[in-house]
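Derivation of every value follows stated rules applied to the coordinates shown; laboratory data play no part. Note that this is a predicted model, so its numbers are computed, not measured. Counting neighbours? That spans all protein chains shown, and the Cβs are built from the backbone with ideal geometry, glycine included.
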Amino acid sequence: MPKTNKKILVVGGAGYIGSHMVRRLLQAGCDVVILDNLSTGNRKLITDGELVNGNLGDACLLDKLFGAHKFDAVMHFAAFSQVGESMHQPLTYYRNNLAETVVLLDAMVRHNVKRFIFSSTAAVYGEPVAIPITEDHPCMPTNPYGNTKLAVERMLADCDSAHGLKYTALRYFNAAGADDSGEIGELHDPETHLIPIVLKAASGQIEHIQVFGNDYPTTDGTCIRDYVHVNDLAQAHLLALDALLRGGESVVYNLGSSNGYSVREVIANAEAVTGKKIPVVEAPRRAGDPAILVASSEKIKRALGWMPAYENLEKIIRTAWNWHLKQAD
Ligand code: UDP
């Protein structure tokens, strides 16, 4: 995208993916306002841009924000995203991911802001019936997290029909890695994602990695996922933003690398990158996990010319390890 002076509201800009997006938008010359309640986000991940500390479900705060700024678009990263947790606390997910997004969209419609980029997920598909997964694959989520994201996608389609709100829903596969600077990266507490946990085990911060399930119908019995670098995700959002601002129609795209790696392959790659032996303990399956999720990202490649720059897992893990070592310092 060429340099631009557009003003963007980044909801959840203090989180893992949101903070990488904020950087990319600032590099592109955008004016950025971040709305984040810092519940899972972290002030440390905001190195520039204006932070408003608050809830996206706070209609009064949104009225003030939309009154004070003329936003060209809103990007929405603020959601709870743990499949396992969503199985045990579904209402927390429906409240945060769905009900609060209703308030945000309502404010956008009232203030006539009609461009929206939504962080959706591969979890909307559920257990795939065909691999790689294309955007027209049936959507049958197997967990509340996926249900809430699919519900928002449907709400967006209704808002387009009724109010002309144009949106791009980006269905992420497994976001991974960190900015090359090592200044921002994945920072969850508690950490539940595979790669950061594997790196903690590599550096001895935890004793071992638990492999959740070894009897899936895959080559080595462990789940296969499609890991995509967080900066490649940010670049895809920038292309999607440009398309919407040029008058593009609402659309859904997958974002993945189109390569599948099993949990054991991730561990082996991490051992190669770190030069450390990673202790493994076999554990039961984690509820809600589909066996295989691998994307076809042909649609966004063809439509917007998106091309992942971090094309293999080792390169992705290298950036995550760089961030991990800087954190340990
Ligand atoms: N996983 C694992 N041990 C862990 C964390 C994750 O075996 O400590 C597995 C998990 O069951 C899944 C894969 O790694 O098959 C990726 O999980 P993650 O939570 O990173 O992402 P998700 O696919 O749930 O979005």
*Rounded to the nearest 500 deg cm²/dmol, what is the calculated helix-only ellipticity per residue at 222 nm for the chain, with -39500 (n - 2.57) per DSSP H run of length n ≥ 4?*
-11500 deg cm²/dmol
*Net lengthening on full extension, residue 286/residue 183 (0.36 nm per residue, minus Cα-Cα)*: 33.9 nm
*Could you go through the range 52-67 in sequence order and give the Karplus-derived ³J(HN,Hα) for each residue, using 6.51 cos²θ - 1.76 cosθ + 1.60 with θ = phi - 60°, rounded to whole Hz, and x for Gly and Pro?*
10, 8, x, 9, 6, x, 9, 4, 5, 4, 5, 4, 5, 4, 6, x
*Using alpha-carbon pairs under 8 Å, 6+ residues apart, how would you state the relative contact order of the range 214-325 in percent?*
40
*How big is D, in µm² s⁻¹, for the chain by Stokes-Einstein at 10 °C and 1.306 mPa s if Rh is the Kirkwood radius over C-alpha pairs?*
79
*Alpha carbon convex hull of the range 37-158, volume per residue in cubic angstrom*: 131
*From the C-alpha gyration tensor of the range 180-292, square roots of 5λ in Å*: 31, 19, 12
*Return the subset of 64/114; 6/326; 166/301; 6/114 for which the Cα-Cα distance in this structure is over 24 Å, preserving the input order.*
6/326
_Shape call, the range 1-56: gyration tensor on alpha carbons, a/c limit 1.5_ = prolate
*If you take the square roots of the eigenvalues of the alpha-carbon gyration tensor of the range 171-243 and sort them as a ≥ b ≥ c, do you get rounded (a/c under 1.5), prolate (a/b over b/c) or oblate?*
oblate
*asked:* If I stretch the segment between residue 203 and residue 102 completely, what's the gain in nm (0.36 nm per residue apart, minus their alpha carbon distance), one decimal?
replied: 32.1 nm
*Simple Cβ-charge dipole of the range 99-232, Lys/Arg +1 and Asp/Glu -1, about Cα centre, in debye nearest 20*: 540
*Mind putting together the pair-distance distribution for the range 95-208? All Cα pairs, 10 Å bins, whole percent per bin, short to long.*
12, 32, 30, 21, 5, 1
_Pairs of Cα atoms farther than 13 Å apart, the range 71-111, %_ = 56
